[in-house]
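Read the structure below first, then the notes.
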Protein chains: 2
Amino acid sequence: MKFEAVTIKDIAKALALSTSTVSRALRDSYEISEETKQLVLKYAKELNYRPNPSALGLKEKRTRSIGIVVSEIANSFFSQAINGIESVAHNRGYNVIIAQTLENYEREVANMQFLSSRSVDGCLISVSTETNDFFHINDLYRKGFPVVCFDRVVDSLETHKVSIDNFLGAYDATTHLIKSGYKKIAILSSIEYLSITKERLNGFKKALADHNISFNEDYLKYCAHGGLVYEEVEKAIDELLKLKVKPDAIFTSGDKLTTNFMRYCKTKKIAIPDKIAVIGFSNLDITELLSPSLSVVRQPAYEMGKIATELLLNMIESKRPVTDFDHIVLPPEIIVRDSSLRKK
Amino acid sequence: MKFEAVTIKDIAKALALSTSTVSRALRDSYEISEETKQLVLKYAKELNYRPNPSALGLKEKRTRSIGIVVSEIANSFFSQAINGIESVAHNRGYNVIIAQTLENYEREVANMQFLSSRSVDGCLISVSTETNDFFHINDLYRKGFPVVCFDRVVDSLETHKVSIDNFLGAYDATTHLIKSGYKKIAILSSIEYLSITKERLNGFKKALADHNISFNEDYLKYCAHGGLVYEEVEKAIDELLKLKVKPDAIFTSGDKLTTNFMRYCKTKKIAIPDKIAVIGFSNLDITELLSPSLSVVRQPAYEMGKIATELLLNMIESKRPVTDFDHIVLPPEIIVRDSSLRKK
DNA sequence: CTGAAAGCGCTAACAG
DNA sequence: CTGTTAGCGCTTTCAG
């Protein structure tokens, strides 16, 4: 099928003007008479003229679009963040292209390659769990391709970053469990080398230490795919519950880890919080409707998306190379519900 | 910031060839010697050359990207559908641009305008609840812009459509409630003129009729924003529960209607299914974890996305105008859980 | 105030 | 087998 849209040429021909005059009239240039301007503007509006983005992109060496690389949009945290990103981007005249990695390293590299090769003017990224080599990002970035990290931040990258205080979120969540009377607290983590995994683990450990509870290595479980795959969560919890001294509470340090933990308990009929209490990271907006209602650490996802986009667009539109980088750290929110009730 | 990517010209200069030779070598043209081809290919790979999409788009009058217009990606049905769409699109070398309407008519029109003005080669759309004038779609479509409808299908549009059997889904869900012993069954609907609203309402009515239950107009409530706004659901249920003869069960005919109904009952401490039983449309993958576990009508979202994309790409790539249109209707899946348990 | 012409990166006649 | 050239739609000097 072919779809012929209106071009400047069409307008020029119809109005017996040159294309350059039309172009100038459309961008309200001072060199064009008011009369001609009105004529062109009116006609363009009638035909519903829109400049061809490909032509503009070719000419201006920019596409006025930005890319987002996330693990999966079906994750509530990311879909909320994307809403924030879109709101800012559209306000500033940018289009948004979303790419998913599904936690797969090769897909992430391919997506970045594709996006950077002039499809977009810059990129927001939350790296996949599989990613522990950041060459594909660093390399592009060094060559001048603007990148802003959010959520899962890459330490080795010198650019703007937006994240939450993962240490604090984990610290507060763990402290809450301790204050509710739990002492044998396990932690279910995403993959080991991810920055947020480490930060959350450190917050967890610090909370234990501050309350004179020693950290038990057996109570720490990693999931390579960040809980995206149910089986990895199942295996981890199975192991925890086979221990001689079983944990009486757990802190799940990621969205999918949390929901899959809930699924596990439902399937195996494990009572929460009687058998095991839980608080975990989650941005689902129906956690209060779960059985039992779920205590969560919630991230300001929409806000993060907005801020990250502001930073990215500023970088893209900056005349000179940016050398001063922000690392914005937002506070998480702890919402206590039934799943981490005071121990009887 | 500027990001200079490799062009054909760079390769040509470095290898002392003409740009056309390089171009041909890259596309493996038969007119180029094996030797030159290898040389070019090797060098291009080294520099990680990628053709400039803007230039290609300008030249070929196609962008190799497609648009998706949905109400919101944070809706599990849509994020699953988008996954299906992306899987097919990427396989066939297309990029995907997502636009959200947030159930707003103006945003839908603006999005379609933007996408059609040469940003994308075609578009998948599930119309917003506010949309009851389809001129913006019909007009573009008549001008040769390929559009495929999915989920919320536009009857007046002569093109490919992919939906589920909404009548059947509602019929089966309602029948299930009846067979569980409920007789005073209400229905919570999205906005009135939406095709899926009508189909689901018809299925609902037919199920009642087939079991000799008369349809009670008081038991039918519409929500203008499809349940996106909690307050509209709250108002509707408030009214239902103020009736002299209160319903003992309800069929919620949309994703957000279902979850917001659950939220209502949780907030007002209304026991499900004792006080009121419920089955509703939902594609959330944690409905089994809700309290009580939720009976749902589930749509094959991923599948729908895939099929719709196949149809769209076929249309885009078709040499001659497409005149024969498919309306693919997929079966919904009914999953019975505790929220619609047999009445005691 | 307006027009002609060049060029962004790429492909495809058309020439050699 | 390879190079030259024109043109996709647009902006922007440079000339009038």
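Close amide H partners of B:Ile98, meaning residues 5 or more places away or on another chain with modelled amide H under 5 Å apart, are A:Ile98, B:Ile68.
Computed on segment A:20-93, the Cα convex hull volume stands at 130 Å³ per residue. Compared with the dominant Cα axis of chain B, that is its longest principal axis, helix B:230-242 is turned about 20°. The convex hull defined by the C-alpha atoms of segment B:1-134 has an orientation-averaged projected area of 11.0 nm². Taking only the alpha carbons of segment A:184-247, we obtain Rg and Dmax values of 12.0, 34 Å in that order. Other residues within the sphere of radius under 12 Å centred on the Cβ of B:Asp338, judged by their own Cβ, net out at +1 (K and R +1, D and E -1). Taking other C-beta atoms within 10 Å as the exposure proxy, B:Lys59, A:Lys198 rank B:Lys59, A:Lys198 from fewest upward. Compared with the dominant principal axis of the Cα atoms in chain B, helix B:76-91 is inclined by about 20°.
Working note: Cα atoms of the protein assembly as shown, range along each principal axis, descending, whole Å: 79, 66, 53. Couplings for segment A:63-70, taken from phi via the Karplus curve 6.51 cos²θ - 1.76 cosθ + 1.60 with θ = phi - 60°, read 10, 6, 9, 10, x, 10, 10, 9 Hz in order; Gly and Pro are left as x. Computed over the alpha-carbon pairs of chain A, the distance histogram in 10 Å steps reads 5, 23, 26, 18, 13, 7, 5, 3, 0 percent, short to long. Separation of segment B:40-99 from segment B:172-192 is 42 Å, based on Cα centroids.
For segment B:283-344, with the dipole built from +1 on Lys and Arg beta-carbon atoms and -1 on Asp and Glu ones, taken about the Cα centre, which of B:Ile328, B:Leu311, B:Val296 lies farthest toward the positive end? Positive-end residue among those listed: B:Val296.
Here the Karplus curve 6.51 cos²θ - 1.76 cosθ + 1.60, taken at θ = phi - 60°, turns the phi angles of segment A:297-314 into couplings of 9, 10, 9, x, 5, 4, 4, 4, x, 4, 4, 4, 5, 3, 4, 5, 5, 4 Hz, with x standing for Gly and Pro.
Cross-link pairs exceeding 25 Å in C-alpha to C-alpha distance, out of A:Lys319/B:Lys13; A:Lys198/B:Lys266; A:Lys244/A:Lys343; A:Lys161/A:Lys221, comprise A:Lys319/B:Lys13; A:Lys198/B:Lys266; A:Lys161/A:Lys221. Placing unit charges on the Cβ atoms of the charged side chains and taking the dipole of segment B:105-213 about its Cα centre, the candidate lying farthest along the positive direction among B:Ile213, B:Tyr105, B:Val127 is B:Ile213. Segment A:208-225 and segment A:231-270 have Cα centres spaced 14 Å apart. Expressed as a fraction of 2.2 N^0.38 Å, the value expected for a compact globular protein of N residues, the C-alpha radius of gyration of segment B:275-344 is 1.66.
Among beta bridges from DSSP that stay inside segment B:97-239, the antiparallel ones total about 0%.
Dividing the helix sum by the residues of chain A, where each DSSP H run of 4 or more adds -39500 (n - 2.57), gives a mean residue ellipticity at 222 nm of -13000 deg cm²/dmol. With both residues required to sit in chain B, DSSP beta bridges show an antiparallel share near 10%.
Taking the fewest neighbouring Cβ atoms within 10 Å as the starting point, the ordered list for A:Asp10, B:Asp121 is A:Asp10, B:Asp121. About the centre of its Cα atoms, the protein assembly as shown shows a dipole size close to 580 debye [charges on the beta carbon of Lys, Arg (+1) and Asp, Glu (-1) only; nearest 20 debye].
For A:Leu17, nonlocal amide neighbours, meaning residues 5 or more places apart or on other chains whose placed amide H falls under 5 Å from its own, do not occur. By the Stokes-Einstein formula, at 1.306 mPa s and 10 °C, segment B:93-240 with its Kirkwood radius over alpha-carbon pairs has D equal to 93 µm²/s. Taking other Cβ atoms within 10 Å as a rough exposure proxy, B:Val233, A:Val148, B:Val40, A:Val322 sort from fewest to most as A:Val322, B:Val40, B:Val233, A:Val148. Assign one of three labels to segment B:70-145, namely rounded, prolate or oblate, based on the Cα gyration tensor with a ≥ b ≥ c the square roots of its eigenvalues; rounded applies when a/c is under 1.5, prolate when it is not and a/b is larger than b/c, and oblate otherwise. Cα axes put segment B:70-145 in the oblate bin.
When the Cα positions of A:Val153, A:Leu177, A:His136 are compared along the charge dipole of segment A:88-183, A:Leu177 comes out farthest toward the positive end, with charges on each C-beta of Lys, Arg, Asp and Glu. Within 10 Å of the Cβ of each residue in A:285-292, the mean number of Cβ atoms contributed by other protein chains is 6.
The long axis of helix B:34-47 is offset from the longest Cα principal axis of chain B by roughly 60 degrees.
Quick note: the coordinates plus some simple rules give every number you see, no bench work behind them. Everything numeric here is computed off the predicted structure, so don't read it as measured data. Please note: Cβ atoms are built from the backbone with ideal geometry, for glycine as well, and neighbour counts cover all protein chains shown.
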